[in-house]
Amino acid sequence: MRIDLHTHSDASDGTDTPAELVAKAVSSGLDVVAITDHDTTAGWAEAQAALDDAPTSFRLVRGMEMSCEGRGEDGDPVPVHLLAYLFDPADSTFAAERIRQREERVSRLRAMAINIAADYPIDPEEVLARVGTSAGRPHLAAALVEAGVVDSVSEAFEELLSRKSKYFVNKQDAPIDEAVAMIAAAGGVSVIAHARARMRGRLLAIDHIEELAERGLGGLEVDHPDHPEDERVLLNGLARRLGLIVTGSSDYHGDHKEQALGACTTDLDAFDALVARASGAAVLHGRSDARGER
Ligand code: AMP
Ligand code: FE
Ligand code: FE
Ligand code: ZN
């Protein structure tokens with residue numbers, strides 16, 4: 001079983017449509033894929049419809065990656081990404097928070113685009129026109145590549161779009177304690193994404209992870225392309241000690257990032273534990289009877 005529990009579509013900052021994402025998951029030999037766009041469930045319906053062309057053995061997990069704020073190792077606030085799986089999309093408290101976050105994303109991206117447009121030839125409205133449902137810095141990065149300001153999305157992130165850049169604008173993310181509670185109340189399972197990816201910036205304090213485990217956190221994403229081996233060892237030990245589910249995932253973003261679908265995967269036991277813990281939404285199966293197409 002090949003299980004990838006963290007991928008993005010163009011409902012947020014990936015480049016594949018949700019249908020393409022499902023088709024690629026099938027053709028690349030995955031048995032389970034989770035769609036986890038930033039702060040939106042907008043890709044769910046299209047991904048679900050694409051199951052018409054997926055084999056019955058294939059499964060889709062509906063999820064999301066929520067933008068949160070936790071306590072950093074130095075005691076100061078730090079951005080944290082929290083994966084949320086199989087929650088009820090109709091839960092009104094959680095749905096309202098997603099709307100608030102997406103509005104925050106649009107105004108923040110507009111502000112950054114206006115800042116950059118003062119020095120470089122980009123059009124802020126054209127940047128926003130690229131956004132599907134959930135605006136992110138990769139949309140601005142793509143505009144900068146097209147305008148010839150930088151050669152690649154990653155180059156855009158190195159300086160112009162980094163948190164240290166004079167063009168950077170912060171957004172108000174959800175306090176992670178509240179997010180964990182919100183996801184649980186909606187019947188979902190929460191998993192902290194890439195918690196030890198130092199290349200992305202400062203890290204979440206280990207003792208905050210311990211506190212969250214007591215407050216209903218479901219798991220830790222251990223195998224992730226941005227995690228060096230020693231950090232995977234650390235997270236594995238932490239998960240075992242705290243009784244948390246261990247996941248592995250690619251964090252696929254289509255052409256916006258290098259990692260391929262299935263670059264890291266989740267063990268079947270862990271996947272089963274995650275599904276058993278969820279009560280907000282079901283895992284969906286492929287509906288095509290065609291055989292031998294994989
Ligand atoms: P935002 O959600 O607007 O704060 O933008 C953060 C998103 O940008 C992350 O979720 C990644 O998908 C993407 N990202 C961050 N760093 C890089 C990078 N170096 N290269 C490509 N994409 C990146
Ligand atoms: Fe992203
Ligand atoms: Fe993330
Ligand atoms: Zn992600």
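Derivation of every value follows stated rules applied to the coordinates shown; laboratory data play no part. All values reported here derive from a predicted model rather than from experimental measurement. Every residue, glycine as well, gets a Cβ built from its backbone with ideal geometry; the counts of neighbours run over all protein chains shown.
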Packing-based ranking, highest mean first, of 124-134, 178-188 given that Cβ atoms within 10 Å are counted | 178-188, 124-134
Taking the chain and counting helices only, DSSP H stretches of n ≥ 4 at -39,500 (n - 2.57) each over all residues, the nearest-500 ellipticity at 222 nm comes to -11000 deg cm²/dmol
Sequence-distant aspartates and glutamates (8 or more away, or on other chains) whose Cα lies within less than 17 Å of Lys166 | Asp119, Glu155, Glu158
Whole-number D in µm² s⁻¹ for region 55-113, Kirkwood Cα-pair radius fed into Stokes-Einstein, 20 °C, 1.002 mPa s | 153 µm²/s
Among all the lysines, which ones have a C-alpha under 28 Å from Lys24's C-alpha, if same-chain residues fewer than 8 places away are not counted?
-> Lys257
Hey, what's the Kirkwood Rh for the chain if you take every pair of different alpha carbons, in angstrom?
-> 19.3 Å
Residues in region 49-69 that a label on Ser28 would reach, taking backbone N under 20 Å of a point 7 Å out along Cα→Cβ | 49-66
Simple Cβ-charge dipole of region 86-137, Lys/Arg +1 and Asp/Glu -1, about Cα centre, in debye nearest 20 = 80 debye
Env charge @ Tyr120, Cβ radius under 12 Å, K,R +1 / D,E -1, value -4
What residue among Gly63, Leu82, Val180 has its Cα farthest toward the positive end of the dipole of the chain, where the charges are +1 on Lys, Arg and -1 on Asp, Glu, each on the Cβ?
-> Val180
Give me D for region 107-260 in µm² s⁻¹, whole number, from Stokes-Einstein with Rh from the Kirkwood sum over alpha-carbon pairs, 10 °C and 1.306 mPa s.
-> 91 µm²/s
